[in-house]
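The values are calculated or read from the model by the stated rules, or taken from the named source; none is laboratory data. Keep in mind the model is a prediction, meaning the values are calculated, not measured. Using ideal geometry, Cβ is built from the backbone for each residue, glycine included, and neighbour counts are taken over all protein chains shown. Only protein heavy atoms, including side chains, enter the accessible area calculation; ligands, DNA and RNA are left aside. Shrake-Rupley method; radii C 1.70, N 1.55, O 1.52, S 1.80 Å.
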Amino acid sequence: MALLERRIGLLFACFLGLLVLAAARAVWLGTVKGGSLANAAASQQVTSPALPARRGTIVDRKGVELAVSEPADDVSATPYLVKNPVRTAQRLAPLLGKPADAVAQLLARRNTGFVFLARSLPADRAAQIDKLHLPGIDLTPGHVRVYPRQTLASQLLGSVGIDGRGLAGLEYSRDSILHGQDGRRRVVKDALGQSINVRDTKPARAGARLELTIDAAIQDNVERVLAGVGQMYRPKGATAFVVDPRTGELLALANWPRVDANQPWTAPPYASQDRAVGFTYEPGSTFKAFTVAGAIEDGTVKPDTAFNLAPQIQVADRTIGESHPRGPVTLTTAQILAQSSNVGAVTIGLKMGRVRFDQWVRRFGFGRRTGVDLPGEERGLVLPVAKYSGSTMGNLPIGQGISVTPIQMAQAYTAIANGGILRPLHVVRRVDGRLVPEPKGHRVISQRTAQELRQMLEGAFAPGGTASEVSIPGYKLAGKTGTANKFDTATGQYSKSAYIASFMGFAPALHPRLLIGVMVDEPQTNIYGGVVAAPAFGSIASFALPYLRIPPG
Amino acid sequence: MPRAAAANAKRPRSRTVAQPLEYNILLTATLCLLAFGAIMVYSASSARTLLQGQGDGSSFLVRYVAYGAIGFVAMHVIARRGLDGVLRLTGPLLAFALVCLVLVKLPGLGVTVNGARRWLGAGPLQFQPSEVAKLALVLYAAKILAHRPGRLKHPRQVTPLLLVTGLAVLLVASQPDLGTALVICFTLCALLIAAGLPMRYLLIGAGAAAVLVLLYALSASYRRARLTTFINPWAHAGDAGFQAVQGQIALGSGGLFGRGLGQSVQKVFYLPEAHTDFILAIIGEELGVAGVMAVLFLYGLVAYAGLRVARRASGAYAKLLAAGITSLILSQACLNVFTVLGLAPLTGVPLPFISYGSTNLTVLLAGMGLLLNVANGGSAHLRAVAPRNAKRSRHGADDRDRRGRDSGARRAGAGRSRRAAG
């Protein structure tokens, strides 16, 4: 009996030892190994998907929606969790809008744990998929960018990639404020991938609402007019803008050919580009206004200074003539502008001298970016004085040998229109309802010079002017035509067949409320700015002036 | 029958006497474990059954409570009845268990679950013969070891016991149910230790058994895989080590105080057998190391009180019976705990009283009834009765009466000794 009791004591010692060992192991697992085991648990149980923030809406100055984000889900599958690929595919296919066997093929890929079945599926259809409760099928919430006006201002607005980041246009340049801040969600899932617990650890902050200076009605009209130009002259492309010169606000900025913003990938790169900022060209005659502006401001010439002009002028090895040959004439400065005399403009340029001339070109903002809030802006090319050749001063005063962007021309003409203040143009008016401060400008020419220039530019619409066939009853118009040979980089010569027809004008001439520019790239049937571009200016102005209730004058 | 009635009439009087401390500890520990079991079985199974669309999630709780209730009634009945009846029933019970173990092998009779043919019967009456055999063998071993005159000096003296046990173990192990077979081996080992078998034989026996178990473990590829994955489960986390790894993840991610009751994530399809063999992992995840400690403490209490009962019991049979049943519970508990904690390869035995396991729960509660019976002073005069046992079986009423008297005296004795101890 004593042995028995001793042995029972031994048994107790054994069991106690085993229990203590187990307890020690439990403590070891719970504390020392606890962290790594908890990590292992989290890595298989918890996912932290991003909660995409709703991208800010882009509206025009009247509140018309130009770009909106709508809820849409990505549909993905974990193939090895899908019980019956064929049946699942049959049920999903109509909702995904894909053939059932294509879906089944994706679901049958057993070598992967993830396949996308559809990206950015509209929320209503995603909700129907969710209701099917198919194992292995996951929905990732997101948004799809929709452009309700399709082609309207599509190059200006740009596009958004599938990851919700802006790729071009304003969507790209203003991505940081449009995108908002993505949130984070914590989802605890069971081993079959079903959510047990969903908690938003960081709420998503929606992007800001962007109100543009663009007026959709004017924009629409400009695009129609460009489409008309496109149909009539079969150009490579055309760009036009409408600016309020008092503020520097862009009321319209259009490019032809049109691009459907909802399907930007269908357009060739040339069409998708916002050529107002990304396209450089030699401006030609429209540039003469700055030659004259500088000369008047310097006092080198006066509007009524008369010049005896030969049919041609020789500068170094170059002979410059008029576009329509004529005999010797006497023209005033104003007439030189109105009739777009090459010989006259070169004469004035030579009178200024290369250094003064170069200073004026730069004062009007050429050769550097304007700073307009659009991405991809080109700088153009302005030769430094040191690199001038003998014949350069035979080119520059008439807008050759210098390359500019449409937006640079718009900015420089704005200074003439608004009384001499050069100010970066802008396209964003309000961010989340708060007015964006207008960019500061600086004076480049005096009020008086600007006024004299405007008066001189009225001449283009007067009898004998280059745009004399364009008129709007009740309104005085001012402007300058341009017909420039394109420089052919292949031959190193000015092309004899490729031109840029352009027109820069404002209305009403005395107190301009609108600055309108039209650039037509390589028109086919006619090349003259007065024929191709000036009527487009007229159409746009005749819509915009009454639309904006601008009194005749 | 009038005498039986008289015996019953005596009971309320005898129950006014305070129960011994060990009795109270055992009963309390058992009740605590049962309550814990009900809560954890519900917690570990409800989410899963709900998600699988099997009722309202309480199906396992209901069945656990039902089998627990049956076991509890059995425990109470056995705790009050005498041990002589148990002695008489030992033979038939063992025979029944062995026959069932053979029957379960027969195709058409045995029910296969998860590739192992362990079940007999149908519907709610389904049971695992191996569990019955477990208890029957403890009763049989206690009886044989207590019956043997003189000191146990050589295993030869208990050859029939070893043969019967060996047969049962073979039958159970070939189901296959290595876990239960091991529990039987450990329990028999404990009984032989208690019975005073010299240590050298035990060590030799243990060595031989270890070799056999190793051979058995290596004889089937899935058991080999279990053994290799035991050494490094994380290297096989995707397949063979999956359950072990998921169990440790559950336990470890609970930290010291757990995620909170009902908050386990691992129970939702990550951890297989969350409400049965691996329920400790869910306890660890929901209640942390603290919860695991509480369970271990309760088993410690059972070990302490059960073996104390064994020491204080009168007569070798009662001593060995108490020691055997305590060892049975503790072996199973330790094997399960070690498995879940990664200290032993996967074997698959339920955690006593806590895991959902119908036969196991009922059988262990019946065993606890025996232990309580002994704690309450029950004994059997084996030497005096056993030789005449078969012949006197018709005089059961007489036995019962005398036993009642005996047990009354023991109770008083136990009470005295406790006071003396105090």
ask   = Quick one: if you stick a label point 7 Å off each Cα along the C-beta vector at residue B:294 and residue A:42, how many nm between them?
value = 2.6
message = Need the C-alpha centroid separation for segment B:220-242 versus segment A:5-68, integer Å.
response = 23
note = Taking the alpha-carbon centre of each part, the distance from segment A:315-330 to segment B:155-169 in Å is 129
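At 25 °C and a viscosity of 0.890 mPa s, what translational diffusion coefficient does Stokes-Einstein give for segment A:216-547, taking Rh as the Kirkwood radius over Cα pairs? Give it in µm²/s as a whole number. Show your work: numbers first, answer last.
Details: Rh = 19.7 Å.
Stokes-Einstein gives a translational diffusion coefficient of 125 µm²/s.
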task = Evaluate the charge dipole of segment A:216-547 about its Cα centre and quote only its size in Debye, nearest 20, assuming +1 on the Cβ of each Lys and Arg and -1 on the Cβ of each Asp and Glu.
result = 600
task = With label points built 7 Å along Cα→Cβ from the Cα atoms of residue A:386 and residue B:239, find their separation and express it in nm.
result = 7.5
note = When the charge dipole of segment A:216-547 is computed with +1 at the Cβ of Lys and Arg and -1 at the Cβ of Asp and Glu, the Cα pointing farthest to the positive end, of A:504, A:269, A:310, is that of A:310
request  = Along Cα→Cβ, 7 Å out, is where each label goes; now give me the distance between the ones at residue B:113 and residue B:153 in nm to one decimal.
outcome  = 4.8
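Report, in order of residue number, the helices in chain B meeting two criteria: a C-alpha extent of 27 Å or more along the helix axis, and a mean Kyte-Doolittle hydropathy of at least 0.0; treat each whole DSSP H run as one helix. Please report the intermediate quantities before stating the final value.
Details: long enough: B:21-51 (45 Å, 1.32); B:59-80 (32 Å, 1.27); B:83-103 (29 Å, 1.94); B:199-219 (29 Å, 1.80); B:279-312 (39 Å, 1.40); B:316-340 (35 Å, 1.40); B:396-421 (36 Å, -1.82).
Length and hydropathy pass: B:21-51, B:59-80, B:83-103, B:199-219, B:279-312, B:316-340.
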task = Sort out for me the Cα centre separation of segment B:260-319 from segment A:347-394, rounded to whole Å.
result = 90
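Counting only other chains, and only Cβ atoms inside 10 Å, what mean value do you get across the residues of B:257-264?
Working: counts 1, 1, 2, 0, 0, 0, 3, 0.
That works out to 1 on average.
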request  = Using only Cα atoms, tell me the angle between helix A:216-233 and the longest principal axis of chain A; keep it within 0 to 90° and round to the nearest 10.
outcome  = 60
message = Using DSSP to call loops (not H, G, I, E or B), can you name the trypsin sites (Lys or Arg not before Pro) in segment B:146-228 whose Cβ has at most 13 other Cβ atoms within 10 angstrom?
response = B:151, B:153
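At 1.4 Å probe radius, can you tell me the per residue accessible area of chain B in Å²?
Numbers: 17500 Å² over 422 residues.
That works out to 41 Å² per residue.
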task = Enumerate the lysines that residue B:143 could reach by cross-link, defined here as Cα to Cα under 20 Å, with residues fewer than 8 away along the same chain left out.
result = B:134, B:153, B:319, B:391
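Would you mind checking B:105/B:267; A:302/A:476; A:236/A:476 for any pair whose Cα atoms are more than 28 angstrom apart?
Values: B:105/B:267 33 Å; A:302/A:476 22 Å; A:236/A:476 31 Å.
Listed pairs above 28 Å: B:105/B:267; A:236/A:476.
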remark   = Sorted largest first, the C-alpha extents of the protein assembly as shown along its principal axes in whole angstrom are 155, 52, 50
key: Positive-end extreme of charge dipole, segment B:211-327 - chosen from B:313, B:228, B:290 (charges on Cβ)   = B:313
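Compute the accessible area per residue over segment A:216-547, keeping the other protein chains in place, probe 1.4 Å, unit Å². Don't skip to the answer; put the middle values down first.
On the way: 12750 Å² over 332 residues.
Normalised by residue count, the accessible surface of segment A:216-547 is 38 Å².
Chains B and A: what accessible area do they bury, summed, in square angstrom to the nearest 100, with a 1.4 Å probe? Show your work: numbers first, answer last.
On the way: alone 19240 and 25550 Å², together 41100 Å².
About 3700 Å² of accessible surface is lost on pairing.
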